[in-house]
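Here the structure is laid out as structure tokens; the discussion comes afterwards.
The values are calculated or read from the model by the stated rules, or taken from the named source; none is laboratory data. Because the structure is predicted, anything quoted here is derived from the model rather than measured. Cβ sites come from the backbone with ideal geometry, for glycine too, and all protein chains shown count toward neighbours. The accessibility values were calculated without ligands, DNA or RNA, using every heavy atom of the protein model including side chains. Shrake-Rupley method; radii C 1.70, N 1.55, O 1.52, S 1.80 Å.
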Amino acid sequence: MESMMLASVMLHPGALAILALAIFGAVCLGAKETEPYQRLSRGRLFAGFLSVFAVSLAVAGAGSYVSPEVALRFGVAPENYWSAIWREFATLSVLLSYLSLLGCAAFGVPIVTLLAKRRSATVPLVVAASVPVSLGVVGMLVLLSTAPTARIAKGAALMVGLHAVMAVGFSMGVRLPWRRPRKEA
């Protein structure tokens, strides 16, 4: 119930305006900063954001699916099965895509920009750089949590893995190379 309320807040025009400003600001600044080094144009950065959005929709689709038998055990009547699945997908997709796009604008583009300035923005390095970021977020969430340690560890591993998948999606959307080009003599 609370997640549905939070998702509805994220669909408010003010929240969507904040997200749009963050994305456009990150795209404009990222394209400007990387121009003389490793060219990441505005179009390529927008494509990175679109791929993050697509990956978040795919993850939300996979995460919201529950078989009809399991749904019945949770008390979902067969006639309400598809509406319950749809509500879960809508909630998860809004939460995941909003937070992923905002995080990408705040942390992902600056990291890729910094790597591009060093001429080392590659898919593996961007994914490797995403792991400490997600571990930092997980660390802050652990401090706020009262859940059992085993559940926290499972959630942390899932979050780091999902963050790595989002980083791969962004890197491939931006069309980063898989390895650094060799220096010619």
Normalised alpha carbon radius of gyration of segment 40-84 [divisor 2.2 N^0.38 Å] | 1.82
With each label point set 7 Å from Cα along the Cα-Cβ vector, what nm distance links residue 147 and residue 81?
-> 2.8 nm
Stretch residue 15-residue 118 to full length: gain in nm at 0.36 nm per residue minus the Cα-Cα span?
-> 33.7 nm
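Give me the dipole magnitude in Debye, nearest 20, for segment 15-141 about the Cα centre, with unit charges on the beta carbon: positive for Lys and Arg, negative for Asp and Glu. Intermediate results must be reported in sequence, preceding the final value.
Details: 9 positive and 5 negative charges, 126 e Å.
Magnitude of the dipole: close to 600 debye.
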Which percent of the accessible heavy-atom area of the chain goes to carbon and sulfur, probe 1.4 angstrom?
-> 70 percent
Keeping all protein chains in place, calculate the accessible area per residue for segment 1-110 (probe 1.4 angstrom), answer in Å².
-> 60 Å²
Kindly provide log₁₀ I(q)/I(0) values, in the same order as q = 0.10, 0.14, 0.15, 0.19 Å⁻¹, from the Debye equation applied to equal alpha-carbon scatterers of segment 50-179.
-> -0.41, -0.73, -0.80, -1.08
Size descriptor, Kirkwood hydrodynamic radius, that averages inverse alpha-carbon separations across segment 62-119, Å | 13.9 Å
Would you work out the charge dipole size for segment 1-79 about its Cα centre, treating the Cβ of every Lys and Arg as +1 and the Cβ of every Asp and Glu as -1, and quote it to the nearest 20 debye?
-> 380 debye
Under the Karplus curve 6.51 cos²θ - 1.76 cosθ + 1.60, θ = phi - 60°, whole-Hz ³J(HN,Hα) for segment 69-83, x wherever Gly or Pro sits | 5, 5, 4, 5, 5, 8, x, 8, 5, x, 6, 9, 4, 5, 5
Could you rank 4, 10 by how accessible they are, 1.4 Å probe, largest area first?
-> 4, 10
Say we join alpha carbon atoms closer than 10 Å with springs in a Gaussian network model of the chain; which of 136, 75, 48 then has the biggest fluctuation?
-> 75
List, in order, the whole-Hz ³J(HN,Hα) value for each residue of segment 137-151 obtained from phi through the Karplus relation with A = 6.51, B = -1.76, C = 1.60 and θ = phi - 60°; use x for Gly and Pro.
-> 5, 4, x, 5, 5, 5, 5, 8, 8, 10, 6, x, 4, 4, 5
Chymotrypsin sites (Phe, Trp or Tyr not before Pro) in segment 76-185 lying in a DSSP loop, each with at most 10 other Cβ atoms within 10 Å of its Cβ, come to 178
Rounded to the nearest 500, the 222 nm mean residue ellipticity computed for the chain from DSSP H runs (n ≥ 4, each -39500 (n - 2.57)) alone is -25500 deg cm²/dmol
